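Undergrad: If you scroll down you'll find the structure; I have some questions about it.
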Amino acid sequence: MKRPIAGLVRLRECGSDIQTLNEVALLEIYKSVVSAIPAPRAVIDLGANVGLASLYFAYHWPSCRILAVEPNPETYDILVENLAPLTRSGRCKTLQAAAWGFHAELCPVADQRPGAFDGYTLQEAAISDDEGCKIIGMAMPEIIEYSGFDNIDLLKIDIEGAEARLFRENTGWLEHVSSIAIEFHGEARAVSKFDEVTEMHGFRLRTAEQHTILVSKGTHGQITG
């Protein structure tokens, strides 16, 4: 691809990867985000899937560095391949883990829809669960420490409902974040009290689109609805 993603991209023919490509590259669901945030230096992509959003951000912000976080082992392998040029250049790190409210062992829910790689959902693992299926869940302070970033200019969140846990637990880590672009699932926005929590930490609504809500610090009023 040449734009709005540069380079070779590997996708699975069966499943949701083609739909994700359409959303990111054709519909450009993050266009309002890149328009609203000038030249960020540090981006964390939670729920990075096969890396298309990270590639989109890297294309539009040539000087930014990115940490791409993805829990699904199969998807993570493709993510690593797609982001390899950015990784080799020192612009990107990857992490196989799930963003969670606290450090935990997780496992996929039993009724995962085949091929729905964009809907990979996790729950806390039971003692009886197969060790081979367990995924590490990490709290945001752990992820931020792994990133090496002092401040995160953009935190992109698309984690299939686990966003409710991020904002229900200790939210002191929000002091290190300047903007959040988030997709909510189900009742997660209300359950997490996202609007109240982020406002308390100095965030204001920037854009509210069907796919993504963008909030930022130091910005008053809504740009688009």
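Undergrad: Being under 23 Å from Lys217 (Cα atoms) and of a type in the set (Gly, Ala, Ser) is the filter here, so list the residues in the range 33-84 that pass it.
TA: The answer is Ser35, Ala36, Ala39, Ala42, Gly47, Ala53, Ser54, Ala58, Ser63, Ala68.
Undergrad: Can you tell me which residue is farthest from Tyr120 (Cα to Cα) among those in the range 25-57 that are assigned to a helix (DSSP H, G or I), among the aliphatic types (A, V, I, L, M) and free of Cβ contacts under 8 Å to residues at least 40 places away in the same chain?
TA: The selected residue is Val34.
Undergrad: Also, quick follow-up: In the range 58-77, what residues are touching a helix residue (DSSP H, G or I) at 6+ places or on another chain (Cβ under 8 Å), open to solvent by less than 60 Å² (accessible area, probe 1.4 Å) and not hydroxyl-bearing (Ser, Thr, Tyr)?
TA: If the condition is that a residue be touching a helix residue (DSSP H, G or I) at 6+ places or on another chain (Cβ under 8 Å), open to solvent by less than 60 Å² (accessible area, probe 1.4 Å) and not hydroxyl-bearing (Ser, Thr, Tyr), then Ala58, Trp61, Cys64, Ile66, Leu67, Ala68, Val69, Glu70, Asn72 are the ones that fit.
Undergrad: Out of Ile44, Ile37, report the one residue that is among the β-branched types (Val, Ile, Thr), farther than 14 Å from Val9 by Cα, open to solvent by 10 Å² or more (accessible area, probe 1.4 Å) and in contact with a Leu (Cβ under 7 Å, 6 or more places away or on another chain).
TA: Ile37
Undergrad: Right, something else. Out of the range 86-106, which residues are buried (at least 16 other Cβ atoms within 10 Å of the Cβ), in contact (Cβ under 8 Å) with a residue 40 or more places away in the chain and not in a strand (DSSP E or B)?
TA: Hits for the range 86-106 are Gln96, Ala97, Trp100, Gly101.
Undergrad: Ala84: under 16 Å from the mean Cα position of the chain (by Cα) and aliphatic (A, V, I, L, M), yes or no?
TA: Here the answer is no, as Ala84 does not meet what is asked.
The values are calculated or read from the model by the stated rules, or taken from the named source; none is laboratory data. Not measured: the values here are computed from a predicted model. Quick reminder, even Gly has a Cβ in these numbers, built from the backbone with ideal geometry, and neighbours come from all protein chains shown. All accessible areas refer to the heavy atoms of the entire protein, side chains included, with ligands and DNA or RNA removed. Shrake-Rupley method; radii C 1.70, N 1.55, O 1.52, S 1.80 Å.
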